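In what follows, a single structure is set out as structure tokens and then discussed.
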Amino acid sequence: MVSEEAKRDQILHVLNRLGFGPRPGDFERVRAIGPDRYVQQQLHPESIPIAPDLTERVNQYRTIHMSPIALFLEYQRPIMQARMATRAESGSDQASIRDATKDLRIRQRIVMREAVEARLMRAIEGPRQLQEVMTAFWFNHFNIFAGKGLDNIWTGVFEETAIRPHTMGKFRTLLGATAHHPAMLFYLDNWQNTAPGSPGSKGKFEGINENYARELMELHTLGVNGGYSQADVIALAHILTGWGLPKPGGERMQGAAMGRFYPFMRRRDNFWSPRAAAVGSSGFYFDADRHDFSSQNFLAHRIDGDAVAQGERALDILASSAATANHLSFKLAQYFIADDPPKALVSRMADRYLATDGEIRAVLETMLTSAEFQDPRYCGAKFKTPYEYVVSCVRATGVPVSNYRPLYGTMQMLGMPLYGCQTPNGYANTQDAWLNPNAMMARLSFATALGSGNLPLENPPFEEAADGGAMRREPAVVPRDGGGKVRFNFGADPARPHGPRMTPPDPTQLAATLGNHFSPSTANAVQASPAQLRAPLILGSPEFMKR
Amino acid sequence: MIFQESDSCTECSLGSATPISRRAFIRRAAILSASGIVLLGPHAWAARSLDGAIKRRLVVVFLRGAVDGLNVVAPHAEPAYYDARPTIAIGRTGASDGLVDLDGYFGLHPALAPLESQWRDGTLAFVHACGSPDPTRSHFDAQDFMESGTPGIKSTQDGWLNRALAAIPGTHGPTEALSLGPTVPRILKGKAPVANIALGRAAERPMPMDRPVIEAAFDRLYAGNDSISRAYRDGREARKRLMSELADDMAVANGGAPSPNGFSDDTDRLARLISRDPTIRVAFMALGGWDTHISEGAANGQLAGHLKPLGEGLASLARLLGPNYQDTVILVISEFGRTMHENGNGGTDHGHGNVMWVMGGPVKGGKVYGKWPGLSPGSLYQERDLAITTDFREPIAAVLRSHMQFSDAQIDRVFPGRPCSSGNVDGLIKV
């Protein structure tokens, strides 16, 4: 006979781990169907209907649905052209180039803002919570930094097309989608990786670049102790030569400005030539002229020269390796179970991975239906990352969000700017990484501002916040410096001179949303506090710091 | 008017940082410092601060991403250097945009010219061909080892800078170790408490938690002895102390004109805090952006663009520390060096040996320490990288011994299993 209390703990556990915590009504919904059935539903997100209103609002974010090439043509090429024209007129004076491109660069910021809002909107409101968790998980696993060059326009579409559709399918498909995406090839420099002495080798494309090959094994697949050597890194780099971006040449206008990036100015292959259609709008381009067709010895396999198929074969080997199965299972268990996950479970997950040819859904099922997952000692044992803390706070209050700036500003302040992790290893999700004195002050300040209705979350979306008809400037979402410098504060939103606008959460409703599950000391502290501090205390309570 | 003007209701607003709270804050800070005993809590650290003998300190700046040491302190006397780097080698001394000559053999990257005066006045030294003996070329493993201080051993839980603080006898106050940045890095993980403050001007902005009524309410939630409660209380104490010191300074800072670059903004803040808080013993900050696989540039370009603010920030730190510079050693470290040869994309890949920077009043500078292995093919590590002849723990141990006045036993606690001295950095610190 399971006690009422144990049942309540299990309901909260699945809401906290398969998603970003309860929204109003979630607790009752899971109680009605039972936690086991909830897990099965979440494992099949396609079976969960999405409110038409949410779909419509996500679809309004135009840029996350554009192709990388279309994004380049609309948002990057005009900047390059303006730079080129200014250079032709007034030389390479940096100040005049900055002036000439300023408005275009501000115009470009909408691309990152839409990516951030589309992510947060679905994390906060979406019913397919496990899918949202897995999207964040895999993006972080295949992390790219939006502050690096072209990834400023490609990060959103990378997540939308290379990550989101593949979060529960075969890992090989997910791996392939990232390996072919221009955002990844640009971020880890493989677009310049060139066979020495090949016909296409010249200028900045003259030789091997090991960056992607190394991280592909160390971070994406085998893991750092996955049994590869420096010779394997070099072999894989050779195998991946020529995997890169299409070349936007062709127009005289582009000339030297583009040539610094793309020295090949042949008319075929460029972004807007008929051949571009053959290349596809994906933005992936294999340049046979820069590929090393020789055979390579890679991880005790001989890979013979057959153009792009060599790389595909290498990805097959990596995706089906036992080291990869272990590495991914450990990471998943560390996210879903505990900072130091039980070894026996990791091993069963890795077995399932190998038995199903790397099917992510099957591995998740093994984990989420395990005894370890339900073990009470792991309930509430994970310290939330800043992303999880901020999203779960907003979900718990149920406040409708139309202005996301205070949310991503808080994540930035807490050291976890969305899409702002500069290094390819992504963010950690352990307590050790995120619990520190200053973080507690910042988290509780956020809880206070949100809990007392002092964040401008319900203000109109940015473009409509016109003052006297004048359009305000789009602020940068992911700064080029990776977000180390925080521009946000809890006091005022610089884009909005008016005071905060949001409905203060009702503490009684908030407590009910969270299943009235509080320690005696929290319950007493909430009781003893003035009414306007009760919601802040609930959101800032020790139990709400954890999931 | 649909919604309120921002300043119509500031006093009752919990979320906004009000002018009232700021004034109250500064007033409170003034009262506290006037009393002479600042925020004496469960720790006895305020009393320690009155002991004039304890003021030697160590600042560590970590360049994450592996800075190209061969272009920071370049061996311009070796033709092999120029042969290996046709487009990214820095021109010889005397050429326009050429190296700043150091000793006739090595030259400093021209973007670091702001540090030339420290070199000339003998408070800046380098240790070349220095690094971690572990062969990894993974950024993350190499940083981990350099921060744990135990290369090759992954099970080490704490960081060497925290162990260095813990090796000093007595209890430790919440601001003896200070990290600039939103999270506490591996190097400072461990038993001794660590304060951290945000980067940039956000560090000085008031937050709702600065208000006594809110603080008092949360105190009831975090009275326990668990790790979150301890972080809470350390945060509360450290924030009060750091904010009161910064607030005092703000009054004379004349509106606080922004620094020319973000790093100087942070080093200036660090200098102010050190000047005002004699209890700060160790401080840490990290800078990213050194992973120059493509388009590294030479005298100008990507690397130069990163070195310039670093050099300016360090020069400014030395200047603003004033008399405290005489008691401060600043180390600049990075996880490994980069390949000797430039790659096919005008950049460099992950390498091995690097250069460590050692700066401060106690340093016997104006000298490139270490044993230079040379760049001939036979002397390179795995035929591609600068070899390591000095373990990175050696110069740090020398700083701990001669500057922080650690015994060998204390140093062993910081670097268990450290290698025997090679003699390569003898005399690095004035005795």
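Since every read-out is calculated from the coordinates, none of them should be taken as a lab result. Note that the structure is predicted; figures quoted are calculated from it, not measured. Neighbour counts run over all protein chains shown; Cβ positions are idealised from the backbone, glycine included.
Find the centroid of the Cα atoms in region B:359-394 and in region A:49-115, then give the distance between the two in whole Å. Here the answer is 46 Å between Cα centres.
In this structure the amide hydrogen of B:Ala286, modeled in the peptide plane, comes within under 5 Å of the amide hydrogens of B:Phe62, none closer than 5 places in sequence on its chain.
For region B:363-380, backbone phi angles converted through the Karplus equation (6.51, -1.76, 1.60; θ = phi - 60°) give residue-by-residue couplings of 7, 8, x, x, 9, 9, 7, x, 10, 6, x, x, 10, 5, x, x, 9, 6 Hz, Gly and Pro being listed as x. Between A:His65 and B:Ser117, the FRET efficiency estimated from the beta carbon spacing at R0 = 35 angstrom works out to 0.05.
Of all DSSP beta bridges confined to the protein assembly as shown, the antiparallel ones make up roughly 50%. Listed by Cβ neighbour count within 10 Å, with the fewest neighbours leading, A:Thr513, B:Thr267 appear as A:Thr513, B:Thr267.
Amide H to amide H, with H built 1.01 Å from N, A:Gly147 comes under 5 Å of no residue 5 or more places away or on another chain. With 10 Å bins beginning at zero, the pair-distance distribution over Cα atoms of region B:19-414 amounts to 5, 23, 31, 23, 12, 5, 1 %.
Model label points for B:Ser379 and A:Glu46, set 7 angstrom from Cα along the Cα-to-Cβ axis, are 6.4 nm apart.
The length gained by stretching the chain between A:Ser519 and A:Asp306 to full extension, at 0.36 nm per residue less their Cα-Cα distance, is 70.4 nm. Only one residue of B:Leu400, B:Leu321, B:Ser229 has its Cα farthest out toward the positive end of the dipole of region B:19-414, where Lys and Arg carry +1 and Asp and Glu -1 on Cβ, and that residue is B:Ser229. Angle of helix A:322-336 to the longest C-alpha principal axis of chain A, folded into 0 to 90 degrees and rounded to 10: 40°. Set the Cα radius of gyration of region A:14-168 against 2.2 N^0.38 Å, with N its number of residues, and you get 1.35.
Using the Cβ-Cβ distance between B:Ser421 and B:Asp226 with R0 set to 45 Å, the FRET efficiency works out to roughly 0.60.
Express the Stokes-Einstein translational diffusion coefficient of region A:158-206 in µm² s⁻¹, to the nearest whole number, given a Kirkwood radius over alpha-carbon pairs, 37 °C and a viscosity of 0.692 mPa s. Don't skip to the end; give the middle numbers.
On the way: Rh = 12.2 Å.
For these conditions, the coefficient is 269 µm²/s.
Placing pseudo-labels 7 Å out from each Cα toward the beta carbon at A:Arg105 and A:Ala512 gives an inter-label distance of 5.2 nm. A simple rule links phi to the HN-Hα coupling: the Karplus curve 6.51 cos²θ - 1.76 cosθ + 1.60 with θ = phi - 60°, which for region A:370-385 gives 7, 5, 4, 4, 8, 4, x, 5, 9, 5, x, 9, 9, 6, 5, 6 Hz, with x for Gly and Pro.
Ranked for footprinting exposure by Cβ neighbours inside 10 Å, fewest first, A:His291, B:His172 give B:His172, A:His291.
Can you classify the protein assembly as shown as rounded, prolate or oblate using the Cα gyration tensor, where a ≥ b ≥ c are the square roots of its eigenvalues, rounded means a/c under 1.5, and otherwise it's prolate if a/b beats b/c and oblate if not?
rounded
Close amide H contacts of A:Val224 (hydrogens built in the peptide plane, cut-off under 5 Å, sequence separation of 5 or more or a different chain): none are found. Taking 7 Å steps out from each Cα toward its Cβ at B:Asp408 and A:Thr369 produces label points 6.3 nm apart.
With the cut-off at 1.5 for a/c, could you classify chain A from its C-alpha gyration tensor as rounded, prolate or oblate? Oblate is the answer for chain A, as a/c is 1.5 or above yet b/c matches or exceeds a/b.
Which order, highest average first, do A:297-310, B:75-88, B:199-212, A:138-151 follow once you tally other Cβ atoms within 10 Å for each residue and take the mean per peptide? Don't jump to the answer; show the numbers that get you there.
Numbers: A:297-310: 14.6, B:75-88: 16.7, B:199-212: 20.5, A:138-151: 22.1.
So the order, starting with the most tightly packed, is A:138-151, B:199-212, B:75-88, A:297-310.
For peptide B:209-218, the mean count of partner chain Cβ atoms within 10 Å of a residue's Cβ comes to 6. For chain A, the longest principal axis of the alpha carbon atoms and the long axis of helix A:4-17 meet at an angle near 20°.
May I ask for the net charge around A:Gly156, where only other residues with Cβ less than 11 Å from the Cβ of A:Gly156 are counted and Lys, Arg are +1 while Asp, Glu are -1?
Details: positive: A:Arg62, A:Arg113, A:Arg119, A:Arg164; negative: A:Glu114, A:Glu117, A:Asp151, A:Glu159, A:Glu160.
So the surrounding residues net to -1.
Among A:Ala319, A:Phe145, A:Pro127, pick out the residue whose Cα is farthest towards the positive end of the charge dipole of chain A, where Lys and Arg carry +1 and Asp and Glu carry -1 on C-beta, about the Cα centre. Sorting the options by dipole projection puts first A:Phe145.
Under 19 Å from a label point set 7 Å out along the Cα-to-Cβ vector of B:Asn300, the amide N atoms of region A:81-116 belong to A:83-101. In order along region B:210-222, the Karplus-derived 3J(HN,Hα) couplings, from 6.51 cos²θ - 1.76 cosθ + 1.60 at θ = phi - 60°, round to 6, 8, x, 5, 6, 4, 4, 5, 6, 3, 5, 7, 10 Hz, and Gly and Pro are given as x. Using the Cβ of A:Ala362 as centre and a radius below 13 Å, the other residues enclosed give a net charge of 0, where K and R count +1 and D and E count -1.
Quick one: if the Förster radius is 25 Å, what FRET efficiency do A:Asn297 and A:Ser320 give, using the C-beta to C-beta distance and rounding to 0.05? Each step should come with its number before you reach the end.
On the way: r = 18 Å, r/R0 = 0.72.
With a Förster radius of 25 Å, E is 0.90.
Distance cut-off 23 Å, Cα to Cα: go down the list B:Lys371/B:Lys430; B:Lys154/B:Lys191; A:Lys170/B:Lys154; B:Lys55/B:Lys308; B:Lys154/B:Lys430; B:Lys367/B:Lys430 and report the pairs above it.
Working: B:Lys371/B:Lys430 20 Å; B:Lys154/B:Lys191 18 Å; A:Lys170/B:Lys154 31 Å; B:Lys55/B:Lys308 30 Å; B:Lys154/B:Lys430 34 Å; B:Lys367/B:Lys430 13 Å.
The pairs that break the limit, which is 23 Å between Cα atoms, are A:Lys170/B:Lys154; B:Lys55/B:Lys308; B:Lys154/B:Lys430.
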